[in-house]
């Protein structure tokens with residue numbers, strides 16, 4: 001009797017585990033990778049490079065340089081850097097999984113506190129997203145769920161175009177967040 | 001990391017403190033006593049990097065003509081576009097002018113000969129030189145024209161091209177952009193070695209620690225092999241404010257040494273120790289003989305990300321800490337509006353026996369070589385107007401004289417220096433309107449504000465009073 005019960009428990013456990021493995025094996029569209037953009041998913045934009053990173057290779061391999069420590073100090077688990085191009089424009093996108101809403105909020109607030117010329121982006125509250133300007137575009141920062149997003153757009157001679165494009169990227173990522181968590 | 005690093009530890013290299021006991025009567029503001037050097041450091045207070053050139057002197061040239069086209073420079077968001085937007089011959093001429101100003105020599109060959117010195121008894125053909133760049137971030141890297149000019153001057157002195165190595169020059173991480181902006185025949189003299197080497201496994205003593213050091217500076221037996229080191233950094237901010245909140249000459253050596261753990265980022269003390277180490281300023285004469293900060297483009301934040309400003313400046317000096325602090329104060333703060341950790345800056349400066357007031361910032365006008373000698377470059381100027389429409393019935397015009405047809409960004413600052421609104425124009429417009437609102441859309445309070453306009457190679461500021 002006891003053996004049968006044990007076997008039953010084992011069977012249930014193994015089934016649950018195998019289901020989870022199957023789910024993970026389907027998982028190119030799950031979790032952080034669900035945010036990877038396909039060609040023209042944002043109209044006119046195609047990928048020029050893509051690199052996944054974790055806490056051990058984010059420093060040099062992902063090109064975050066010493067800035068990686070800000071991410072790891074605030075609880076980053078993994079992320080990717082995807083660069084996309086559209087004509088002369090460049091989108092340098094960094095998306096990171098911080099494991100929890102509170103950690104992604106902490107990272108966002110850290111970035112927000114160090115930016116002294118933040119602006120509104122799209123219709124987002126400043127506690128959710130903001131942007132500042134670079135020489136030829138904008139840098140947009142946002143947190144949705146446990147994820148933290150950086151979208152740096154450059155190569156623009158008209159900043160207004162960069163601002164509206166940044167908002168479009170963030171709206172797409174916000175929509176994807178629900179299905180990735 | 002170096003491609004060929006061995007996992008096994010190598011023999012240690014103990015640095016021998018340089019310096020001597022003695023009393024020197026110095027000029028104002030400099031310690032007059034050579035302090036006994038600390039163990040494992042090549043620095044002693046009062047030490048001169050170059051017998052003919054004051055450590056405290058930092059020269060800078062700002063010249064929009066170093067760009068081929070201002071509009072092109074304003075949208076140059078990759079290293080390829082930036083290097084294409086640089087007027088190489090103008091950069092080289094201005095570096096010659098800066099070399100003369102730094103060395104006090106009245107001709108270019110003597111100036112560079114005063115800056116770069118070789119060990120006594122060694123032929124120039126046997127001298128080994130290295131340029132430390134930092135190619136980890138593709139969007140803001142030391143421009144080819146500057147590194148190329150440094151190589152050319154070393155070759156003119158007699159250094160064999162194959163004995164010049166530009167290191168940390170290639171980003172080789174798999175899956176990321178693989179690139180180097182430095183290529184033989186494309187701005188870099190033929191024969192110069194362009195290397196991905198950075199950090200390394202040969203152990204050297206740095207302060208109280210032992211760190212791995214790049215094989216460009218030290219061989220596997222622990223022998224230092226480079227005679228002339230040129231520090232070629234770019235102007236970037238850094239989120240880690242414990243080291244000041246910027247990354248310039250001193251922080252550039254994060255790519256020379258390897259520290260395991262901690263994201264390889266040094267602490268403030270470790271960064272100071274690195275720049276005082278035998279690997280960097282040991283040797284006779286000291287290895288690191290010139291620090292050049294490329295501020296043609298710059299990043300206010302950082303250390304990664306798109307450039308935020310186009311100051312159009314190059315700064316250099318023989319002593320890294322002085323170059324860094326002067327670039328921070330005169331370019332990053334005055335022109336770019338960045339803020340920094342003053343406590344960290346004071347710690348750095350005082351650790352070398354200096355106070356910040358000791359350092360000198362010398363603005364060198366653009367240099368156009370002629371048979372008559374030095375001339376100042378001339379530019380066409382135009383007028384730019386910022387209209388403040390705080391009260392629609394009483395708009396106030398603030399006029400600026402700027403290079404003709406420049407594309408500018410206007411920032412409105414509160415009296416405490418905080419940027420409250422950013423406006424920008426498109427090419428060929430000569431007027432911007434500020435409606436008296438902050439970036440949040442709210443009307444600001446009456447009072448005095450600063451309008452700062454920035455363009456490629458220039459910054460102008462004026463106050464405006466809102467009533």
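Read-outs throughout are calculated quantities, based only on the coordinates presented, and are distinct from any laboratory measurement. Source: prediction; values computed, not measured. Neighbour counts run over all protein chains shown; Cβ positions are idealised from the backbone, glycine included.
Out of B:313, B:277, report the one residue that is more than 17 Å from the chain's Cα centre (by Cα) and either surrounded by fewer than 24 Cβ atoms within 10 Å (Cβ to Cβ) or away from chain A (no Cβ under 13 Å) (or both).
Result of the check over B:313, B:277: B:277.
What residue, of B:268, B:290, B:296, B:248, is touching a helix residue (DSSP H, G or I) at 6+ places or on another chain (Cβ under 7 Å) and surrounded by fewer than 22 Cβ atoms within 10 Å (Cβ to Cβ)? Give the derivation first.
Working: B:290 fails: surrounded by fewer than 22 Cβ atoms within 10 Å (Cβ to Cβ); B:296 fails: surrounded by fewer than 22 Cβ atoms within 10 Å (Cβ to Cβ); B:248 fails: surrounded by fewer than 22 Cβ atoms within 10 Å (Cβ to Cβ).
Matching residue, one of B:268, B:290, B:296, B:248: B:268.
Filter the stretch A:33-88 down to the residues that are within 12 Å of chain B (Cβ to nearest Cβ), surrounded by fewer than 22 Cβ atoms within 10 Å (Cβ to Cβ) and either touching a helix residue (DSSP H, G or I) at 6+ places or on another chain (Cβ under 7 Å) or assigned to a helix (DSSP H, G or I) (or both) and list them by number.
Listed by number, the residues that qualify are A:55, A:69, A:70, A:72, A:73, A:74, A:80.
Count, please, the residues in the stretch B:231-245 that happen to be within 11 Å of another protein chain (Cβ to nearest Cβ) and either part of a strand (DSSP E or B) or within 11 Å of the chain's Cα centre (by Cα) (or both). Spell out the reasoning first.
So the first thing to find is which residues in the stretch B:231-245 are within 11 Å of another protein chain (Cβ to nearest Cβ), and the list is B:236-243, B:245.
Imposing the further condition that a residue be either part of a strand (DSSP E or B) or within 11 Å of the chain's Cα centre (by Cα) (or both) reduces the set to B:236-237.
Total meeting the criteria: 2.
Among the residues of the stretch A:98-116, is any within 11 Å of another protein chain (Cβ to nearest Cβ) and buried (at least 24 other Cβ atoms within 10 Å of the Cβ)?
no
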